[in-house]
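Asks: Here you go, one structure.
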Amino acid sequence: MGVYERIAERAQGLYEEAVSVRRRLHRWPEAGFKEYKTSAFVAEYLKGLGLDSIRTGVAGTGVVAELKGALPGPTLAIRADMDGLPITEKTGVEYKSEHEGWMHGCGHDAHTAGLLLTAKLLSGLRSELAGTVRFLFQPAEEGPGGAEPMVKEGAMDGVDMVIGGHVWGDHKPGQVALLEGSMFAAPDEFRVKIQGVGGHAAAPHTAVDTIPILAAILNALQTIVSRKVEPGVPCVVTVGTVKAGYQFNVIADVCELTGTVRTYDPKLQDMVRKSIKDICEGIASSMGAKAEVEYIVRYPSLVNDPGVTGRMRQLAELMLGKDNVIVAKPTMGGEDFAYFLGKAPGTFMFIGSENKDGCFWNDAHHPNFNLDEGALLTMMKLYAAAPFWLAGRKE
């Protein structure tokens, strides 16, 4: 029996443990950089596998571990994120969150469990493994972002290739979607404060009313995409919050808004940033007020390496069947796995997790989110086979 057949067989044999680990982790959703219980569990589990090195406290709560094969070869990093979300869970499952007001509403519990069981599977194949597998358990993907500080603390030093994945309800369990090139957008944030002069609603001529200024700015911001961006080029400008006013008979001296910009192209990103500043400051100034604009660049766009992506597509066809390997649709969401891809070529995959009860990707970050745990089997098959395939082993 070839190595890939044995990996598939061993993954099936570890599936029930993977489900058990995932459900255990599901009970403990924790905030970014505060994944103390989760990271302690991860470290303890990895110690039981006899890996070659285990680093804890990376970027605060991250864990980095290595498995060195008996044969020379490249170093492949595989990443899983660990943090939860500030959501009150409403799934009603027996293993629901025990941390009030927090939930694994995006599937990071599955990512962590899938990678832990991958480490277990690969630890039994050390004698055949060419090269090194580095396991990256990352904090704070949901924000403010744990990938960049992990990179700064050496998590990617010496890595030749890197892969990762996210459960994705647009696809069924047993399926995987891959995409060469841009897959996630750069998810920037902007904040605007408009300062005018307050006064009595009955005497508007004595004040500088910030509410009509805010309205003009809101309308003008919508023209950035519709009038400054070439049709068909991905770009999103969304205002998410507006704060204005005190009561019905008071002219508001201050208004505030926040929003997000999503782009793939850095040049377009710069144009949008400048346009937001020019629009807000220009309109406010023309109406007698002042606008303060803060633009925050968060994660870069996630761009998959065509070579690694193509090789992982071939592997996925071998492990899952050609009909279960899909061309992924790019998303305007953000993903800080981009920082790992900035250090080594690699690819990020969508792992099918459509739930029989109707859990689609749009339900992520929702109190009723729950995934089909068959996604764990897909992760184990692909992640455990990847070090062999990417090192050139064909059977």
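Every number in this text was worked out from the coordinates using simple rules, so none of it is lab data. On a predicted model such as this, the values are computed, not experimentally measured, just so you know. Note that we place each Cβ from the backbone using ideal geometry, even for glycine, and neighbour counts take in every protein chain shown.
Asks: Once phi is turned into ³J(HN,Hα) by the Karplus curve 6.51 cos²θ - 1.76 cosθ + 1.60 with θ = phi - 60°, what whole-Hz value does each residue of segment 266-281 show in order, with x for glycine and proline?
Replies: x, 5, 5, 4, 5, 5, 5, 4, 5, 5, 4, 4, 5, 5, 5, 5
Asks: Still on this model: So for the pair residue 205, residue 27, with labels modelled 7 Å out along Cα→Cβ, what separation do we get in nm?
Replies: Going by the 7 Å Cα→Cβ label model, 7.1 nm.
Asks: Now, a different point. Listed highest first by mean packing, meaning other Cβ atoms within 10 Å per residue, what order do 330-339, 86-95 come in?
Replies: Values: 330-339: 21.0, 86-95: 13.7.
So the peptides 330-339, 86-95, ranked by packing, come out 330-339, 86-95.
Asks: While we're looking at this one, here's another question. Give the cross-link partners of residue 68 among the aspartates and glutamates, using a straight C-alpha distance below 12 Å as the criterion and excluding same-chain residues fewer than 8 apart.
Replies: Within the straight-line cut-off, residue 68 pairs with 52, 128.
Asks: Can you list the aspartates and glutamates whose alpha carbon sits under 18 Å from that of residue 356, skipping same-chain ones fewer than 8 residues off?
Replies: Once the sequence-local aspartates and glutamates are set aside, what remains near residue 356 is 94, 170, 372, 373.
Asks: A further question on this structure: Once both axes come from the Cα atoms, what is the angle between helix 306-320 and the longest principal axis of the chain, in degrees from 0 to 90, rounded to 10?
Replies: Once rounded, one gets 60 degrees.
Asks: Taking Cα atoms, how many degrees apart are the long axis of helix 108-123 and the longest axis of the chain, rounded to 10 and kept between 0 and 90?
Replies: Helix 108-123 sits roughly 20 degrees off the main axis of the chain.
Asks: Given 185, 132, 213, which one lies farthest toward the positive end of the charge dipole of the chain, if we put +1 on the Cβ of every Lys and Arg and -1 on the Cβ of every Asp and Glu?
Replies: 132
Asks: On a straight-distance basis, which lysines could pair with residue 277 in a cross-link, Cα separation under 30 angstrom, same-chain partners fewer than 8 positions away excluded?
Replies: 193, 228, 243, 267, 290
Asks: What number comes out for the charge environment of residue 51, summing +1 per Lys or Arg and -1 per Asp or Glu over other residues with Cβ under 11 Å away? Present the calculation step by step, with values, prior to reporting the outcome.
Replies: Details: positive: 47, 55, 68, 120, 126, 134; negative: 52, 66.
Around residue 51, the charge tally is +4.
Asks: Calculate the spin-label point distance for residue 123 paired with residue 356, positioning each point 7 Å from the Cα along the beta-carbon direction, and give it in nanometres.
Replies: The modelled label-to-label distance comes out at 3.2 nm.
Asks: What ranking, highest mean first, results for peptides 160-172, 46-58, 382-394 when packing means the other Cβ atoms within 10 Å averaged over each residue? Write down the numbers at each step before the final one.
Replies: Details: 160-172: 23.3, 46-58: 14.8, 382-394: 21.8.
Highest mean packing first, the order is 160-172, 382-394, 46-58.
Asks: Suppose R0 equals 25 Å. What FRET efficiency, 1/(1 + (r/R0)^6) with r the Cβ-Cβ distance, do residue 16 and residue 98 give to the nearest 0.05?
Replies: Details: r = 22 Å, r/R0 = 0.88.
In this case the efficiency is close to 0.70.
Asks: Could you tell me which of 264, 364, 307 has its Cα farthest along the dipole of segment 261-366 towards the positive end, charges placed at Cβ (Lys, Arg +1; Asp, Glu -1), taken about the Cα centre?
Replies: About the Cα centre, the residue reaching furthest to the positive side is 307.
Asks: Sticking with this structure for a sec: Using alpha carbons only, how many angstrom separate the centre of segment 261-303 from the centre of segment 320-395?
Replies: Distance between centres, Cα-based: 32 Å.
Asks: Non-local amide H neighbours of residue 250 (under 5 Å, H modeled in plane, Pro and chain starts lacking H): which ones?
Replies: 201
Asks: With unit charges on the beta carbons (Lys and Arg positive, Asp and Glu negative) and the dipole taken about the Cα centre of the chain, which residue among 48, 250, 69 sits farthest to the positive side?
Replies: It is 69.
Asks: Too long at a 25 Å Cα-Cα cut-off: which of 90/172; 34/172; 172/394; 120/322; 37/381?
Replies: Numbers: 90/172 23 Å; 34/172 32 Å; 172/394 27 Å; 120/322 27 Å; 37/381 27 Å.
Violating the 25 Å Cα-Cα cut-off are 34/172; 172/394; 120/322; 37/381.
Asks: Only Lys, Arg, Asp and Glu count, each charged at its Cβ (+1, +1, -1, -1), so figure out the dipole size of the chain about its Cα centre, rounded to 20 debye.
Replies: Working: 40 positive and 48 negative charges, 97 e Å.
So the dipole magnitude of the chain works out to roughly 460 debye.
Asks: Further question on the same structure: Under a crude label model (7 Å from the Cα following the beta-carbon direction), how far is residue 1 from residue 44 in nanometres?
Replies: 3.2 nm
Asks: Given the options 114, 346, 245, state which has the largest fluctuation in a GNM of the chain using a 10 Å cut-off (strictly under) for Cα springs.
Replies: Of the options given, 245 has the highest mean-square fluctuation.
Asks: Related question: Considering the values [x] 21.1; [y] 19.0; [z] 25.6, which represents mean projected area of the Cα convex hull in nm² as calculated for the structure under consideration?
Replies: Computing mean projected area of the Cα convex hull in nm² and matching it to [x] 21.1; [y] 19.0; [z] 25.6 gives [x].
Asks: Compare 246, 295, 15 in a GNM of the chain, Cα atoms joined below 10 Å, and give the one with the largest fluctuation.
Replies: Checking each option, the largest mean-square fluctuation is seen for 246.
Asks: Just check segment 1-69 against the gyration tensor rule for me: Cα atoms, a ≥ b ≥ c as the square roots of the eigenvalues, rounded for a/c under 1.5, and otherwise prolate or oblate depending on whether a/b exceeds b/c.
Replies: oblate
Asks: Indicate, rounded to the nearest 5 percent, the antiparallel portion of the DSSP beta bridges found entirely in the chain. Walk me through the numbers before you get to the answer.
Replies: Details: 46 of 69 bridges.
Around 65 percent antiparallel, to the nearest 5.
Asks: Still on this structure, I have one more. Within 14 Å, Cβ to Cβ, of residue 311, how many net charges do the neighbouring residues add up to if Lys/Arg are +1 and Asp/Glu are -1? Display every interim value, and only then the final one.
Replies: Values: positive: 313, 393, 394; negative: 160, 180, 305, 317.
Spelling it out: positives minus negatives among the neighbours equals -1.
Asks: Using Cα-Cα distances under 8 Å and only pairs 6 or more residues apart, what relative contact order does the chain have, in percent?
Replies: Values: 918 pairs, mean separation 95.5, N = 395.
RCO, the chain: 24 percent.
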